[in-house]
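Visitor: What follows is a single structure, and I will ask about it in a moment.
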Amino acid sequence: MRCHVCRSVSFLPLCKTCRRELLQPEPKTRRLDNGLEVISFYAYDDIEPFLLTKHLPHGWAIYRILAKESFSSFKRNIESGTMAIPIDDDPKSGYSHTAILARSLKSATCKTLYGKLHAQNRISYAGRSKSFRLQNPRNFLYTGSAGIKALLVDDIVTTGFTLMEAGDILARHDVEVSGAIVLADADRKG
Ligand SMILES: [Zn+2]
């Protein structure tokens, strides 16, 4: 196959050179209004072409590479016994991009909880205002266990409303949310 970026021949959809040059992660923490800490590894603008592959047939492979380049090094910081919970992992296009990300966090001390946090409202937020997002919450349904420790997993944080809403619903189920981990923050520069 060919590299998604430079078109050189590669075993993976992103060649080694492009991975090294374009995907050097820089972890940053952002605290949302409800106190939830979100760790991101890239500025949205820096990896937008990769993020936009999520509904393409080869997007799963790109997401797996993004997760490997960024989340993998974070694994050892996760407190033992934590469950990684992907936001709304719904495999509607054959795979779920958030499930792929959460899976990359799996270790001896961190398990993944698939299919337990679903949005009942999937209206698109793309290009929408903050007030629109606030007026149209995701309305999450959590069907996992109570009394566990969890880390939320998503690909992008924008306003943070989705993560805050997810954190709040988990808290109502007595889930202790230590924070959230995302690939990209739309608010950060460089
Ligand atoms: Zn390349």
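Visitor: Given DSSP loops and a limit of at most 13 other Cβ atoms within 10 Å, what is the longest stretch of the chain that contains no such trypsin sites (Lys or Arg not before Pro)?
Guide: The longest uninterrupted stretch comes out as 8-91.
Visitor: While we're looking at this one, here's another question. To the nearest 20 debye, what charge dipole does the chain have about its Cα centre, counting +1 at the Cβ of each Lys and Arg and -1 at the Cβ of each Asp and Glu? Please list the in-between numbers first.
Guide: On the way: 27 positive and 20 negative charges, 112 e Å.
The calculated dipole for the chain is roughly 540 debye.
Visitor: While we're here: Taking the chain as a Gaussian network, Cα atoms linked when under 10 Å apart, which of I47, I39, I62 shows the biggest mean-square fluctuation?
Guide: In the Gaussian network model the winner is I47.
Visitor: Identify, among V38, L134, A171, the residue whose Cα sits farthest towards the positive end of the charge dipole of the stretch 25-185, taking +1 on the Cβ of Lys and Arg and -1 on the Cβ of Asp and Glu, with the dipole about the Cα centre.
Guide: It is A171, whose Cα lies furthest towards the positive end.
Visitor: I've got another one for you. Place a +1 charge on the Cβ of each Lys and Arg in the stretch 1-94 and a -1 charge on the Cβ of each Asp and Glu, then give the dipole magnitude about the Cα centre in debye, rounded to the nearest 20.
Guide: 500 debye
Visitor: With a cut-off of 15 Å, note down the residues of the stretch 144-164 whose backbone N falls inside the zone around a label point 7 Å from the Cα of S129 toward its beta carbon.
Guide: Within reach of a label on S129: no residues.
Visitor: Please give me the summed charge of the neighbours of T17: other residues whose Cβ is under 15 Å from its Cβ, Lys and Arg +1, Asp and Glu -1.
Guide: +3
Visitor: Rg to Rh ratio, the stretch 25-185, alpha-carbon atoms and Kirkwood radius? Spell out each step's value before the answer.
Guide: Details: Rg = 14.5 Å, Rh = 15.7 Å.
Using Cα coordinates only, the ratio equals 0.92.
Visitor: Now for a different question. Mean 1/r over all different Cα pairs, inverted: what Kirkwood radius does the stretch 102-190 give, in Å?
Guide: So the Kirkwood estimate lands at 14.1 Å.
Visitor: Between S107 and R31, what length in nm is gained on full extension when 0.36 nm per residue of separation is reduced by their alpha carbon distance?
Guide: Result for the pair: 24.8 nm of gain on full extension.
Visitor: So if I take the centroid of the Cα atoms in the stretch 168-190 and the same for the stretch 104-164, what is the distance between those two points in Å?
Guide: Going from one Cα centre to the other spans 8 Å.
Visitor: Report, in deg cm²/dmol and to the nearest 500, the calculated mean residue ellipticity at 222 nm for the chain, where each DSSP H run with n ≥ 4 adds -39500 (n - 2.57) and the sum is divided by the residue count.
Guide: The helix-only estimate for the chain comes to -7500 deg cm²/dmol at 222 nm.
Every read-out reported here was derived from the displayed coordinates using simple, explicitly stated rules and does not represent laboratory data. Being a predicted model, the structure only gives us computed values, none of them experimental. Reconstructed Cβ throughout: ideal geometry from the backbone, glycine too, with neighbour counts over all protein chains shown.
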